[in-house]
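K.L.:
Next up is a structure, given as structure tokens.
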Amino acid sequence: MKLQAKFTNGTHYRRTSPRILMAGVLLWLAAPSYALEDQSYESLMKWIEDSRPGAETVMPGQHLTEKDRQSLLEPLIPHSAWKYYFFDGMEMEIAATGHYPAPDAWGENMASGYKLDEEGTLVGFTGGGFPFSEINSDDPNAAQKVLWNMLWRPGSNDYNMPMVTWLRSEDGSLDREMEYTSVNTTYARGDKSLVPGYEEVKSKKIMEFRSPRDMAGAKNMTIEYVDHYKEDSGWLYMPAQRKPRRTLASERTGEMMGMDMIREDLNGFGGKVYENNWAYLGKRKVLATVNVSDNPEIGGPSLWVPHKTRWEVRDTHVILIEPKAKDHPYSHRIVFIDAETYWTHWMFAFDKEDDQLLRMAQHFLKYSESYATEPATQSSYVKQDFSKNIGHKVFMHLGETDINAKKPHATITHCHVAKRDFTPARAKQFYSLRNMISGRR
Amino acid sequence: MIMSRNRIALFLSFLSLTLFPAVSWGIVDVTDNLELEGYVKAQNIMRASGLHDGELIQQRNTAQLEGKYYFLEDNKAFGRFSTGPIEEATFTFLARGAYDSVYDIRDSYEDTDDKGKSEYKVREAFVDFLMPPFTLRLGRQQVVWGETDNFRALDVINPLDLSWHWSRESWEDIRIPLWMARGIYDIGKIGPFEESFFELIVIPWDFQPNKVSTDPRHPWAFTGAGLAETANSAIIGDELFDLDLTIRDIRPDRKLRNGQGGFRFKGILGDVGVSLNYFYGISATPGVKVRGDLTQLNLDTQTLSAVVDKVYPRTHVLGLTANYSEDRYTQSVFRLETTLTKGIPVSIAAGAPIGIDSDGDQYDTVRQSVVMLGIDRPTWIKLLNDQRTFFISTQFFWRRYLDHSSFYQGVSSVIPASIGGEVIADRFVSTNTNRLDRDEFVITFSASTSYGRAGRWKPQFVFAYDPRSTGAYNKLVLEYLWTKHIVFKAEQHFYWRESGSEQGPWSLGDLWGEAGNRRNETVFSATFQF
């Protein structure tokens with residue numbers, strides 16, 4: 001099947017240039033598979049266009065290694081990631097493709113009357129379910145609809161999330177380690193807000209650093225609004241200043257705190273829909289760490305990628321995002337979003353300078369109900385009651401790896417998520433500017 | 001001996017907790033409820049007045065220990081006693097010990113009085129209570145109001161210790177914490193305001209002035225624009241007298257009548273963060289009253305016995321702040337702070353008309369206003385850094401004496417005594433030709449970013465400029481996060497002026513960039529953090 005999609009503004013996305021095509025032909029003559037080192041946008045597009053394997057190509061219970069690479073793994077791991085995910089000694093455990101029901105009342109309390117405007121921006125939606133129950137590949141707004149379902153997916157908030165992040169060089173050496181906790185609550189819950197009177201708020205988040213000491217006690221609060229056109233409000237408390245400082249939300253393209261990601265990379269895409277052109281590239285099966293038993297072991301020669309963990313073949317919507325801004329660092333971003341759960345599995349962003357891979361991310365998830373049989377590891381600095389996760393029927397974000405291919409460098413994060421329900425009164429007090437005027441010192 | 005062993009054991013226990021934490025390289029969990037963190041730091045400062053000279057003026061070794069004890073959680077204290085509406089409570093302490101070994105290394109500091117050589121104190125100790133929607137912090141603490149960085153307008157609640165490195169250190173480390181109660185009532189939405197709260201501060205008895213060294217033997221003594229000497233003479237007519245100056249520090253005692261306090265209402269109005277502040281305080285900068293009634297001239301001994309009182313007038317500070325994140329056109333955060341302060345002490349030149357100096361004590365209090373406009377902007381300069389933005393922050397600070405007189409004077413200077421054009425050896429007199437301008441301005445600019453694969457190289461550039469005196473200050477900083485525990489920092493401070501000889505009020509190059517008083521410095525520090 002050849003891709004016929006085009007950006008929703010009518011422009012076709014860029015096709016293979018003759019020069020790259022010639023290089024591709026020569027490459028094809030030389031080897032039957034894609035070149036490991038080729039991390040161009042074109043090669044990933046070609047990989048997406050080419051064979052679309054079925055789930056039957058791998059079998060539950062298989063433990064796949066480097067020798068299975070060409071026959072089984074290459075069709076299921078996005079081409080740009082091969083360089084990192086295929087290595088001597090690699091091991092992937094294949095599990096049956098699961099069905100993961102959404103929360104019981106999901107979709108039953110949604111407000112009506114929402115729509116996509118001419119920019120593809122969702123207007124008037126207040127949560128409580130997926131805004132778009134069907135994704136039709138012929139729909140010119142299919143890519144945006146997938147994205148909106150991802151942004152309003154169940155389980156994206158309402159947790160305590162202690163995290164540890166390792167920043168590693170290509171030789172595996174640890175450059176920096178950070179510990180921090182994110183607490184996050186959904187306000188917009190369909191036909192009502194968690195806190196009456198705060199109907200304009202989508203969610204609120206407070207994140208506080210615990211280590212290293214030069215960052216300990218720094219915390220920020222972010223208010224995200226239902227109105228996508230309104231920028232987030234944010235405040236940053238720095239212990240050295242002993243006061244909160246208003247922050248700017250609209251700068252999303254600089255690396256954060258030395259990590260190998262930009263704010264716009266969060267969850268595959270954390271930017272503004274109207275700042276980009278969109279194209280839907282169809283569905284594609286990929287391997288994903290969608291219901292891991294625990295925070296995965298990290299392996300590979302650089303200690304950048306999950307190793308000896310559980311993978312599933314998942315159907316994903318593949319969307320292509322092209323930033324409109326001329327000074328944006330990315331030429332294209334390709335995101336693989338689960339077709340059932342709408343969580344992001346893979347994200348690839350390409351350098352505007354040369355269309356080569358600049359950054360990529362892969363996410364580790366765990367379904368809440370699996371905590372009944374496979375409790376996850378506690379974080380090193382706080383103990384939580386994971387049994388509270390059971391019954392929510394949502395995914396927990398157990399971490400991710402973010403790789404900057406150009407540096408090269410990676411940021412690997414383990415999250416230890418416990419669901420947390422706030423009462424309206426407690427949420428009002430906790431997520432307040434009052435809580436940001438002082439800190440641990 | 002036993003005591004020594006116990007001390008050694010205690011020290012080793014502390015080391016084992018801090019240097020070899022089992023699970024974390026940030027905060028150390030001593031128990032489930034007690035956390036420790038801190039650092040040990042060595043800071044060396046070389047001062048160079050020119051290109052070919054330099055002297056070590058500081059070798060400050062600091063150990064800081066910070067702790068937090070979570071003794072009340074989920075409405076239960078110590079896991080057993082019900083506390084009713086109190087949901088959470090913690091006890092926080094911050095203790096610091098500092099020893100400046102330069103006082104023992106350098107011969108020239110041997111005859112100083114050892115002030116500034118060492119410090120050992122619990123700087124902060126407070127208990128936080130959470131009783132939604134009310135929070136209360138009781139104890140010795142710092143409170144910072146306002147939008148201004150590193151200049152005093154609303155950030156006047158805690159005095160500053162300027163004695164060991166002026167204001168060139170992080171203000172967190174030089175604010176003098178005070179015993180106070182800080183209560184905050186969270187309001188949330190009210191009328192047109194969102195995220196609003198009301199804050200009340202009560203400082204029942206703890207008044208402390210800014211700490212400034214005026215002893216010229218100390219490296220960071222504040223001695224004005226003249227010589228680093230103490231005035232020991234006075235010239236009356238054409239006659240030289242010994243000066244016997246008595247300074248009486250009329251500091252408010254620790255009585256409730258000398259209490260301080262204030263309130264703040266803060267919220268979001270539209271998209272603009274605003275606050276209204278009021279603080280009823282006592283000036284941390286003293287005024288000087290010349291006690292003419294106690295001054296005596298002894299012609300027999302050729303001595304002028306003068307008495308001055310250091311007084312601390314009551315102040316009223318009324319302030320308004322605003323901040324706004326403008327995302328569309330400028331992608332900048334705008335900060336505004338305005339204050340009106342009543343009770344600022346000023347010195348009046350001798351011989352001023354009675355209408356200006358009605359008490360004849362060369363002292364008065366005046367009203368002063370401040371307007372600060374600041375802009376913060378994360379900015380791409382891809383030529384210099386294509387991975388991360390620069391955080392650029394700039395401020396324009398305008399201070400105005402609402403009650404101004406041309407007889408108001410600034411800091412005095414010490415000059416050699418001379419009679420009939422002849423300089424007299426080892427005799428120094430105090431003089432003051434420094435008149436206060438009605439309007440004072442300073443502009444600041446800073447830019448910082450990070451380099452390296454994990455952002456461990458952190459440069460910073462700072463610039464401050466007084467357009468009236470043309471005095472300027474530059475700071476270049478490079479911090480390197482070498483390992484998880486060890487941080488190195490190098491700084492270069494430059495004081496310079498563009499032209500002229502006028503002295504401004506900001507202690508920039510107009511004061512410390514002049515020959516004989518130049519304080520350009522190179523700072524190296526190494527920190528072990530845990």
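K.L.:
Within 10 Å of each residue's Cβ, count the other Cβ atoms and sort A:L266, A:L116, B:L297, A:L122 from fewest upward.
P.N.:
B:L297, A:L266, A:L116, A:L122
K.L.:
Near B:K289, which lysines are there with a Cα under 20 Å away, not counting those fewer than 8 places off in the same chain?
P.N.:
Cross-link targets: B:K211, B:K310, B:K342.
K.L.:
Per-residue HN-Hα couplings for segment B:341-349, Karplus 6.51 cos²θ - 1.76 cosθ + 1.60 at θ = phi - 60°, whole Hz, x for Gly and Pro?
P.N.:
10, 10, x, 6, x, 9, 9, 10, 4
K.L.:
Taking a threshold of 26 Å on the Cα-Cα distance, which of the pairs A:K366/A:K406; A:K204/A:K383; A:K192/A:K419; A:K202/A:K406; B:K76/B:K266 fall above it?
P.N.:
Among A:K366/A:K406; A:K204/A:K383; A:K192/A:K419; A:K202/A:K406; B:K76/B:K266, the Cα-Cα distance tops 26 Å for A:K366/A:K406; A:K202/A:K406; B:K76/B:K266.
K.L.:
To continue, here is another question. For the protein assembly as shown, build the charge dipole from Cβ charges (+1 Lys, Arg; -1 Asp, Glu) around the Cα centre, then report which of B:F494, B:L130, B:V370 sits farthest towards its positive end.
P.N.:
It is B:L130.
K.L.:
Follow-up. Please give the contour-minus-distance gain from A:K352 to A:K230: 0.36 nm per residue of separation, less the Cα-Cα distance, rounded to one decimal in nm.
P.N.:
Answer, rounded to one decimal: 41.2 nm.
K.L.:
While we're here: Which part of segment B:411-436 falls in the paramagnetic zone of B:D242, meaning amide N under 19 Å from the point 7 Å along Cα-to-beta-carbon?
P.N.:
What the label zone holds, given the 19 Å backbone N cut-off, is B:417-418, B:424-430.
K.L.:
List the lysines whose Cα sits under 22 Å from the Cα of A:K67, skipping any in the same chain fewer than 8 residues away.
P.N.:
A:K83, A:K285, A:K308
K.L.:
Something else: Compute the FRET efficiency between B:L138 and B:Y185 as 1/(1 + (r/R0)^6), taking r as their Cβ-Cβ distance and R0 = 22 Å, and round to the nearest 0.05.
P.N.:
After rounding to 0.05, the efficiency reads 0.90.
K.L.:
Further question on the same structure: Only Cα pairs under 8 Å and at least 6 apart count here; give the relative contact order of chain A as a rounded whole percent.
P.N.:
18
K.L.:
Using amide H atoms built in the peptide plane, which far-off residues or other-chain residues are under 5 Å from B:D161 H to H?
P.N.:
Residues meeting the criterion, in which the H sits 1.01 Å from N, are B:R175, B:I176, B:K211.
K.L.:
Then there is this: Taking only DSSP H segments of four or more residues, each worth -39500 (n - 2.57), what value at 222 nm results for chain A once the sum is divided by all its residues, to the nearest 500 deg cm²/dmol?
P.N.:
-2500 deg cm²/dmol
K.L.:
Step through the residues of segment B:167-178 one at a time and calculate ³J(HN,Hα) from phi using the Karplus curve (6.51 cos²θ - 1.76 cosθ + 1.60, θ = phi - 60°), rounding each to whole Hz and writing x for Gly and Pro.
P.N.:
Each residue's phi maps through the Karplus curve to give 9, 8, 9, 4, 5, 4, 8, 10, 5, 9, x, 10 Hz.
K.L.:
Which stretch or stretches of segment B:246-276 have amide N atoms under 12 Å from the point lying 7 Å from B:L200's Cα along the Cα→Cβ direction?
P.N.:
The answer is B:262-264, whose backbone nitrogens lie closer than 12 Å to the label point.
K.L.:
Still on this structure, I have one more. Provide, for q = 0.05, 0.08 Å⁻¹, the log10 of I(q)/I(0) from a solvent-free Debye sum over equal Cα point scatterers in the protein assembly as shown.
P.N.:
Ignoring solvent entirely, the Cα scatterers give -0.37, -0.86.
K.L.:
Before rounding to the nearest 500, sum -39500 (n - 2.57) across all DSSP H runs of length at least 4 in chain B and divide by the residue total; then give [θ] at 222 nm in deg cm²/dmol.
P.N.:
-1500 deg cm²/dmol
K.L.:
Rg and Dmax of chain A, using alpha carbons, in Å: what are they?
P.N.:
21.2, 67
K.L.:
By counting other Cβ atoms within 10 Å of each Cβ, how are A:I321, A:I77, A:I390 ranked from fewest to most?
P.N.:
Final ranking by Cβ density, sparse to dense: A:I390, A:I77, A:I321.
K.L.:
Ranking A:F422, B:F71, A:F209, A:F350 by Cβ neighbours within 10 Å, fewest first, what do you get?
P.N.:
B:F71, A:F422, A:F209, A:F350
K.L.:
Return the sequence-ordered ³J(HN,Hα) values of segment B:488-501 in whole Hz as given by the Karplus equation 6.51 cos²θ - 1.76 cosθ + 1.60 applied to θ = phi - 60°, using x for Gly and Pro.
P.N.:
Along segment B:488-501, the couplings run 10, 9, 10, 9, 10, 10, 10, 10, 7, 9, 7, 6, x, 9 Hz.
We did not get these values from a lab; they are worked out from the coordinates using the rules stated. Every value quoted in this text rests on a predicted model; they were computed, and no experiment measured them. Using ideal geometry, Cβ is built from the backbone for each residue, glycine included, and neighbour counts are taken over all protein chains shown.
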